[in-house]
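Q: Below: one structure in structure tokens.
The values are calculated or read from the model by the stated rules, or taken from the named source; none is laboratory data. Please read these numbers as outputs of a predicted model, since none were measured by experiment. When the accessible area is computed, the model is the full protein with side chains, heavy atoms only, and any ligands, DNA or RNA have been set aside. Shrake-Rupley method; radii C 1.70, N 1.55, O 1.52, S 1.80 Å.
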Amino acid sequence: MRDVSVRASAAAGSIGLALVALLGIAAPSAKAVAPVDTFTLTDGNASTSFNAASQEGEYSFTVNGTQELNKQWFWYRTGDQTSEQSIDTLPLISGVQTGDNILDLLYGNAGFHINVAYLLTGGTGNGAASLGETITISNLSTNASLPMHFYEYDNLDRKSTRLNSSHITI
């Protein structure tokens, strides 16, 4: 599980630093906790990896040791914008991996949220695996519509063997 919560009190931290400086006490080295933005899901014969903070998006989907994907990610355009932006240009509000094969990413701003939930289901070596995606776009305004255009980009790396090229569903 990769759920990171950080709670801090600015006043307490300032007082602590002031005491260390006044008394000349060496403080134990503290490591900054960075938000997690890379994730790997695994199940059975399959694994998939994501960089939630860049256009790299989902950059690996492996079944039975064979790489099946170069890239998969989402783009959006709202209102009268003239160009699309990848969802990682929005703040990543949370990225939570609740199991080896489940990931929930929430992006958003004051106007809307985009939630992408993944469920990886691997097989037992038979070449079968699936990655389910549930995408929810929420308009946070109570009095305005949200014109939204949403796109998925897929760049598959299908190998030329009979087993690997026989069937794919998007």
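Q: Determine ³J(HN,Hα), in whole Hz, for all residues of segment 123-138 in sequence, where each value follows from phi through the Karplus function 6.51 cos²θ - 1.76 cosθ + 1.60 and θ = phi - 60°; x replaces Gly and Pro.
A: 3J(HN,Hα) across segment 123-138, in whole Hz: x, 10, x, 8, x, 9, 6, 9, 10, x, 10, 10, 10, 10, 10, 10.
Q: Starting from the amide H of residue 101, placed 1.01 Å from N in the peptide plane, find each other amide H under 5 Å away whose residue is 5 or more places distant or on another chain.
A: Placed amide hydrogens put 42 under 5 Å from residue 101.
Q: When the solvent-accessible surface of protein heavy atoms is calculated with a 1.4 angstrom probe, in what order do 36, 63 fall, highest first?
A: Greatest to least solvent exposure: 36, 63.
Q: Using each residue's phi in segment 95-108, evaluate 6.51 cos²θ - 1.76 cosθ + 1.60 at θ = phi - 60° and report the 3J(HN,Hα) Karplus result to the nearest Hz, with x for Gly and Pro.
A: Taking θ as phi minus 60°, the curve returns x, 10, 9, 8, x, 4, 10, 10, 9, 10, 10, 10, 10, x Hz for segment 95-108.
Q: Residue by residue through segment 112-120, what is 3J(HN,Hα) from phi via Karplus (6.51 cos²θ - 1.76 cosθ + 1.60, θ = phi - 60°)? Round to whole Hz and write x for glycine and proline.
A: With the stated coefficients, segment 112-120 comes to 7, 10, 10, 10, 10, 10, 10, 9, 8 Hz.
Q: Amide H of residue 70 versus every other amide H placed in the peptide plane: which residues, excluding those fewer than 5 positions away on the same chain, fall under 5 Å?
A: 155, 156, 157
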